[in-house]
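The values are calculated or read from the model by the stated rules, or taken from the named source; none is laboratory data. Being a predicted model, the structure only gives us computed values, none of them experimental. Cβ atoms come from the backbone with ideal geometry, glycine included; neighbour counts cover every protein chain shown.
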Amino acid sequence: MVIRCAWATSAPDYIAYHDEEWGRPVRGDDGVFERVTLEAFQSGLSWLTILRKRENFRAAFAGFSIAKVAAFDESDVERLMGDAGIVRNRAKIEAALANARAALDLPGGLSDLVWKYADLSAPVPHTNTDIPAQTSASKALAKELKKNGFRFVGPTTAYALMQAIGLVNDHLADCWVRDDVSGRRTGAAPC
């Protein structure tokens, strides 16, 4: 029997995301921008909703190309507000555009900024109650992102981002993915 983190067992979309993506390192500005954007859109909603609309988000936001999204204008905001395939929230849409513009202005790029906050020494969680909603690192990351003009990036959203792209490994101790993710993070060969 395959043991997974408890949150990942209720739907096939969750299982695939957990097994193939969650917690695995994501580097590169556009890849990190996609996750920042999706985490912001998830705020107040089920992650399952975002996963099921993910391909629509990719199409609507030009594959999450920072340069392309940064060039979006008010007509794009209206287009996105009319797109039933995504979450139509004006504040979140406008934040995605502002975040793309802010990402373009980062001297070392978005990926480098975010990866400064990697915490590879975080304690191994044994139950869901061992996993925090935010940490001092996520508070610092959120603060730095906001200082650079990002929106919808509070400490809880920043921590969800950190989990999603491998800055922390919050797979539970007995989850089959935990060791594979840890090996990939350190450069060791996968199990």
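What to note about this one:
- Among the residues of the stretch 80-105, those identified as aliphatic (A, V, I, L, M), free of Cβ contacts under 8 Å to residues at least 60 places away in the same chain, in contact with a helix residue (DSSP H, G or I) (Cβ under 7 Å, 6 or more places away or on another chain) and within 17 Å of residue 34 (Cα to Cα) are 80, 86, 87, 93, 95, 96, 97, 104.
- Apart from one condition, residue 182 fits all of (1) modelled with pLDDT under 95; (2) within 15 Å of the chain's Cα centre (by Cα); the exception is (2).
- Residue that is nearest to the chain's Cα centre (by Cα), among those in the stretch 56-79 that are of a type in the set (D, E, K, R) and surrounded by 14 or more Cβ atoms within 10 Å (Cβ to Cβ): 58
- Taken as a whole, the condition of being among the aliphatic types (A, V, I, L, M), in contact with a Pro (Cβ under 9 Å, 6 or more places away or on another chain), at pLDDT 95 or above and in a helix (DSSP H, G or I) applies to residue 141.
- Restricting 170, 174 to residues that are under 22 Å from residue 3 (Cα atoms) and either in contact with a Pro (Cβ under 7 Å, 6 or more places away or on another chain) or at pLDDT below 95 (or both) narrows the list to 170.
- The stretch 80-118, subset over 19 Å from residue 144 (Cα atoms), of a type in the set (A, V, I, L, M, F, W, C) and part of a helix (DSSP H, G or I), residue farthest from the chain's Cα centre (by Cα): 81
- Residue check, residue 23 among the small types (Gly, Ala, Ser), part of a helix (DSSP H, G or I), under 27 Å from residue 120 (Cα atoms) and at pLDDT 95 or above: no
- Residues of the stretch 26-79 satisfying the condition of being within 22 Å of residue 166 (Cα to Cα), among the hydrophobic types (A, V, I, L, M, F, W, C), in contact with a helix residue (DSSP H, G or I) (Cβ under 7 Å, 6 or more places away or on another chain) and assigned to a helix (DSSP H, G or I): 32, 33, 36, 38, 40, 41, 48, 50, 51, 57, 64, 66
- Selection status of residue 53, among the charged types (D, E, K, R), under 24 Å from residue 144 (Cα atoms) and within 17 Å of the chain's Cα centre (by Cα): no
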